[in-house]
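Report on the following structure.
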Amino acid sequence: MTNATPRESLWVVSVQTAFPNMANPLGTLFGGHVMQLMDVGASIAAQRFCRQPVVTASTEPIDFRNPIHVGEIIELKCRVAWTGRTSMIVRCEVHGENPLTGERRLCTIGHLNFVAIGPDGRPTPVPALSVSTEMERHHWETGARVREDSERRRDRKVDEPTAGN
Ligand SMILES: CC(C)(COP(=O)(O)OP(=O)(O)OC[C@H]1O[C@@H](n2cnc3c(N)ncnc32)[C@H](O)[C@@H]1OP(=O)(O)O)[C@@H](O)C(=O)NCCC(=O)NCCS
């Protein structure tokens, strides 16, 4: 695989109903459930883009702006926003939608970092991302800032596990 030919990243869109077994006692979705949906959707976007196995390297902070209620439609959109040599930053946008009124609220926008893994089990190069539209440029610039944040975070000393049980 070479970085030479820029490749487009299309949205991966999924919709489903928010069922009671996904909710907390307030009747709104568990944040962890939304994060799982984002991880799965983002990994599909990353794999469709690079056509190689990928692992989630890290996630950026996820701020939940509005809840999604039981009975609403959960809409998840993911696309690769930025590419490095072997890593990809995937942008995920999650909305809740009232199926009766059509009212939509943004639940969150999050960025997840994926690394492509080669047959030797090590990070392997991904194609370069094609960036030409205004939306693609905006996503790329946001992704570049996300990358800077993640590098700064990784430069700080990594914490060690607590001794004992
Ligand atoms: C992510 C992982 C593959 C990185 O391996 P590594 O040997 O540290 O890789 P490198 O230092 O060569 O970095 C490879 C790329 O990953 C990026 N990267 C590494 N750790 C990262 C992190 N925590 N967040 C974002 N990107 C990261 C590097 O910036 C580099 O990107 P680039 O090639 O685009 O410049 C490795 O740490 C791993 O396998 N982690 C576990 C992943 C996993 O199991 N996820 C599911 C958890 S249950």
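Enumerate the amide H contacts of Arg7 below 5 Å, restricted to partners 5 or more residues apart or on another chain; note that Pro and chain-start residues carry no placed amide H.
Sorted by chain and number, the residues that satisfy this are Ala128, Leu129, Ser130.
Name the long-range amide H neighbours of Glu72: under 5 Å, sequence gap of 5 or more, or other chain; modelled H, no Pro or chain starts.
Distant-sequence amide H within range of Glu72: Ala18.
Apply the Karplus curve 6.51 cos²θ - 1.76 cosθ + 1.60, θ = phi - 60°, to the phi angles in region 96-113 and return the couplings in whole Hz, x for Gly and Pro.
My calculation for region 96-113 gives x, 9, 6, x, 8, 9, x, 5, 10, 10, 6, 7, 6, 10, x, 10, 10, 9 Hz in order.
Between helix 31-50 and the chain, what is the angle of the helix's C-alpha long axis to the longest principal axis, kept within 0 to 90° and rounded to the nearest 10?
40 degrees
Note down the relative contact order for the chain as a percent, whole number, built from C-alpha pairs under 8 angstrom at least six residues apart.
Over the chain, the number comes to 27 percent.
Sort 43-51, 146-154, 74-82 by the packing proxy (mean of other Cβ within 10 Å over each peptide's residues), most packed first. Kindly include the intermediate steps, with their values, before the conclusion.
On the way: 43-51: 20.4, 146-154: 13.2, 74-82: 22.8.
In decreasing order of mean packing, 43-51, 146-154, 74-82 become 74-82, 43-51, 146-154.
Please compute the length gained on full extension between Lys157 and Ser130, using 0.36 nm multiplied by the number of residues separating them and subtracting their Cα-Cα distance.
So the extension gain works out to 6.3 nm.
Apply the Karplus parameterisation 6.51 cos²θ - 1.76 cosθ + 1.60, with θ equal to phi minus 60°, to every residue of region 117-124 and state each ³J(HN,Hα) to the nearest whole Hz, in sequence, with x for glycine and proline.
Values, residue by residue: 10, x, x, 7, x, 10, x, 10 Hz.
Could you tell me the distance between the Cα centroids of region 123-155 and region 1-43, to the nearest Å?
About 19 Å separates the Cα centre of region 123-155 from the one of region 1-43.
Placing +1 on the Cβ of each Lys and Arg and -1 on the Cβ of each Asp and Glu in the chain, which of Phe64, Leu100, Gly164 has its Cα farthest towards the positive end of the resulting dipole?
Result: Gly164, furthest along the dipole toward the positive end.
Karplus couplings for region 67-80 from phi (6.51 cos²θ - 1.76 cosθ + 1.60, θ = phi - 60°), rounded to Hz, Gly and Pro as x?
x, 10, 8, 3, x, 7, 8, 9, 10, 10, 10, 9, 8, 5
Can you tell me the 0 to 90 degree angle between the C-alpha axis of helix 134-155 and the longest principal axis of the chain, rounded to 10?
Rounded to the nearest ten degrees, it is 70.
Considering the Cα trace of the chain, what is its radius of gyration and what is Dmax, both in angstroms?
Just the Cα atoms of the chain yield Rg and Dmax of 17.3, 54 Å.
Is it possible to state the helix-based mean residue ellipticity at 222 nm for the chain, with each DSSP H run of 4+ residues giving -39500 (n - 2.57), the sum divided by total residues, to the nearest 500 deg cm²/dmol? What is it?
-9000 deg cm²/dmol
Using the Cα centre as the reference, give the magnitude of the dipole from point charges on the C-beta atoms of the chain (Lys, Arg: +1; Asp, Glu: -1; all else neutral), rounded to the nearest 20 debye.
Here the size comes out at about 380 debye.
Coordinate-derived values only; no laboratory data. Owing to the predicted nature of the structure, the values given are computational and were not obtained by experimental measurement. Every residue, glycine as well, gets a Cβ built from its backbone with ideal geometry; the counts of neighbours run over all protein chains shown.
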